[in-house]
Each structure stands twice: as C-alpha cells, then as structure tokens.
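Following: one structure in structure tokens, then a few remarks.
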Amino acid sequence: MKEIIIKSYGKINLSLDVVRKREDGYHDIDTIMQRISLYDNLHIKRISGDDLIIKSNNKLVPLDNTNLVYKGWEKLKKYKKEATGIEIFIDKKIPMAAGLAGGSTNVASFMAVLNKIWNLNLKNEELMQIGKTIGADVAYFFDGRTCRAQGIGEILTPIKEFKGYNVLIVNNGKDISSKYVYTNIKPSGQNDKMTKVIEAIEENNLEKLQKYGYNNMEEVSFNLYKDIEIIKKDMLEKGADFSLMSGSGPTVFGIFEDLDKLYKAEKYFKEKYKNVYIAKTI
C-alpha cells in the first residue's frame with residue numbers, strides 16, 4: 001500500500017459553557033464547535049506485523065500508547081482479523097495542549113483512514129460512538145460541520161454553517177491542562193445561554209456574536225496566565241469583530257472581516273509570539 005497523506009483539521013469553540021459536574025466525574029458542556037483550516041498532516045502506511053509505529057516532527061508528541069491515535073488503533077483492530085501493522089507520521093502544525101483539539105482530530109482522521117484501508121465498513125455513527133470513548137471532542141470530527149455539542153461533547157446538533165470567515169489564531173506557547181481547568185472551574189448551572197449565540201451565527205452577525213459569545217473557562221485560564229487575557233484584549237483593539245479563548249486555552253482567536261486589520265494584527269502578534277496563524281472557518 002502506498003503512503004496515504006491526509007489533512008487533520010483543528011477546531012475553535014465559538015462559545016463554551018461548562019454547565020455542571022456529573023456523577024461520573026465528567027462535566028456537561030454546551031458549546032459551538034467550528035472546524036478551521038489549520039491542520040496537521042498525517043502520513044499513514046501499512047507495515048508488516050501487528051504493531052503501530054508513531055513518529056512525529058514534534059518531540060512533544062507521545063509515541064507510545066498514551067497517544068490518542070494509539071487508542072483509536074487499539075479500538076479498531078478488534079474488528080480486523082488479519083495483520084494490523086501501521087506506521088503513522090504526525091506532521092504537527094496545530095499547537096499542542098492549546099484548546100484546538102489537535103489530538104482529537106488526529107485520532108478521528110486516523111480512524112477514518114483505518115476504516116477504509118482495513119475494509120471495516122463501519123458507519124460514521126459507529127465511528128462516532130467509538131470515538132467518544134477515547135475523548136470528548138473526538139466524535140465531532142466525524143461530522144465536522146458547525147455543531148452545537150452538549151453532554152460531554154458527544155451530543156451533536158448541526159446548525160447553520162459558519163464557513164469562510166478569516167480567523168487569526170494566537171497561542172502563547174504555554175500548556176494548559178484541561179483537567180486543571182475543569183477541576184478549578186465554577187460551572188454555570190445553566191443550559192440555555194446558547195440561544196443568542198446560535199441566533200448570531202444564523203444571522204452572520206459578528207457584532208451580536210461578540211455581545212453574547214462567551215467561554216466560562218476563561219476565568220480559570222486567565223488567572224493561570226495573564227497574557228491570555230491581554231491577547232484577547234489586544235485582539236479586539238486591533239480590530240477583531242469577535243474574539244474568544246478556544247477550549248481551555250491558551251489559544252485565543254479573532255474573527256476579522258477587514259483583511260487590512262487582520263494582517264496588521266498578525267504582524268503585531270508575530271512580534272510577541274511564535275505561534276500565530278491565519279486560517280479560515282471551514
């Protein structure tokens with residue numbers, strides 16, 4: 001089999017509400033998930049034997065069974081009777097531990113390829129069910145549309161797509177543990193705050209989105225790293241029509257309708273931070 005190369009796209013949260021802590025230790029959330037054009041390249045090929053070999057250009061990527069792609073391979077090889085040897089090279093472009101779901105999109109993309117090359121014939125819904133046992137964001141990437149995600153992130157409701165918007169992504173290069181944020185967050189206790197956000201998206205109204213969009217993880221992450229809050233403030237001052245921290249952070253994104261302001265903001269942030277990217281919602 002020739003090597004297969006696929007793009008594994010990241011996501012941002014157009015809003016995120018941690019609603020309550022569940023008895024199983026997880027949290028119920030209410031969020032709007034949006035794919036963006038920032039991606040990792042996955043190079044996948046069959047090898048002899050029954051092992052999975054993981055390689056990467058990023059030394060921070062785990063190459064053992066702690067990597068989510070290993071967990072996905074383990075789940076799917078149960079459906080295959082023949083040799084399951086695979087080598088994957090993860091060409092990392094999405095910052096890690098950044099609130100952009102790089103690990104989740106990698107495993108979902110990898111599982112979709114395995115489903116094809118192993119002729120497993122699993123339906124998308126089946127892959128989603130398997131994916132949610134690996135990570136809360138994984139199921140989303142088998143859909144990929146603009147979705148409201150509830151429960152632990154596995155209950156997906158497509159809404160009007162939010163394609164084609166220019167996004168400036170700024171990451172301060174610091175890791176934030178989602179577990180730490182969830183441990184320290186005060187849940188909102190509500191599950192009805194997303195209506196206005198969805199209305200803004202359906203109306204393509206960025207002013208309204210800025211008014212109602214929110215992420216209640218920001219308080220915890222801002223206290224951890226003050227510069228995240230400063231990035232968001234600067235993003236808006238530089239002309240973003242909407243800005244928010246994605247996931248548990250530390251990545252902050254801004255949506256710009258004015259390209260001149262976008263490029264000026266990119267220049268400004270590149271003087272301060274290494275991980276600055278222009279992308280689009282897709």
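Condition (residue is closer than 19 Å to V197 by Cβ, surrounded by 20 or more Cβ atoms within 10 Å (Cβ to Cβ) and of a type outside the set (A, V, I, L, M, F, W, C)) applied to the range 264-281: is it met by at least one residue?
Yes, because at least one residue in the range 264-281 is closer than 19 Å to V197 by Cβ, surrounded by 20 or more Cβ atoms within 10 Å (Cβ to Cβ) and of a type outside the set (A, V, I, L, M, F, W, C).
Going through T157, T183 one at a time, which residue ends up being surrounded by fewer than 18 Cβ atoms within 10 Å (Cβ to Cβ), under 19 Å from the mean Cα position of the chain (by Cα) and either without any contact (Cβ under 8 Å) to a residue 40 or more places away in the chain or part of a helix (DSSP H, G or I) (or both)?
Checking each option against the conditions leaves just T157.
Search the range 81-111 for residues being of a type in the set (K, R) and at pLDDT 95 or above, and hand back the single one that is nearest to E218 (Cα to Cα).
Applying the filter and picking the extreme gives K93.
Considering each residue of the range 145-164, count those that are at pLDDT below 95 and among the small types (G, A, S), and give that number.
Result for the range 145-164: 2.
Using the structure shown, decide if M128 is in contact with a helix residue (DSSP H, G or I) (Cβ under 9 Å, 6 or more places away or on another chain), touching a residue at least 12 places away in the same chain (Cβ under 8 Å), closer than 15 Å to K80 by Cα and part of a helix (DSSP H, G or I).
no
Given (1) β-branched (V, I, T); (2) crowded, with 19+ Cβ neighbours inside 10 Å; (3) in contact with a Leu (Cβ under 6 Å, 6 or more places away or on another chain), identify the lone condition not met by V18.
Checking V18 against (1) β-branched (V, I, T); (2) crowded, with 19+ Cβ neighbours inside 10 Å; (3) in contact with a Leu (Cβ under 6 Å, 6 or more places away or on another chain), the one that fails is (3).
Being touching a Phe, Trp or Tyr at 6+ places or on another chain (Cβ under 7 Å) and either not polar (S, T, N, Q) or not assigned by TED's automatic domain parsing to the domain that holds N115 (or both) narrows it down to one residue among R46, R35; which is it?
R35
Quick check on my filter: what residues within the range 146-191 are farther than 26 Å from K233 by Cα and among the acidic types (D, E)?
Matches in the range 146-191: E154, E161.
Out of all the residues in the range 78-103, which are in contact with a helix residue (DSSP H, G or I) (Cβ under 8 Å, 6 or more places away or on another chain) and free of Cβ contacts under 8 Å to residues at least 40 places away in the same chain?
If the condition is that a residue be in contact with a helix residue (DSSP H, G or I) (Cβ under 8 Å, 6 or more places away or on another chain) and free of Cβ contacts under 8 Å to residues at least 40 places away in the same chain, then T84, G103 are the ones that fit.
Being buried (at least 19 other Cβ atoms within 10 Å of the Cβ), under 14 Å from L14 (Cα atoms), out of contact with any Asp or Glu (no Cβ under 6 Å at 6 or more places or on another chain) and among the hydrophobic types (A, V, I, L, M, F, W, C) narrows it down to one of M217, M245, so name that one.
Every option except M217 fails the conditions.
Working carefully through the options E203, E237, find the one that is without any contact (Cβ under 8 Å) to a residue 40 or more places away in the chain, farther than 21 Å from I169 by Cβ and surrounded by fewer than 17 Cβ atoms within 10 Å (Cβ to Cβ).
Selected residue: E203, the only one of E203, E237 that is without any contact (Cβ under 8 Å) to a residue 40 or more places away in the chain, farther than 21 Å from I169 by Cβ and surrounded by fewer than 17 Cβ atoms within 10 Å (Cβ to Cβ).
The values are calculated or read from the model by the stated rules, or taken from the named source; none is laboratory data. Just so you know, these numbers come straight off a predicted model, no measurement behind them. Neighbour counts run over all protein chains shown; Cβ positions are idealised from the backbone, glycine included.
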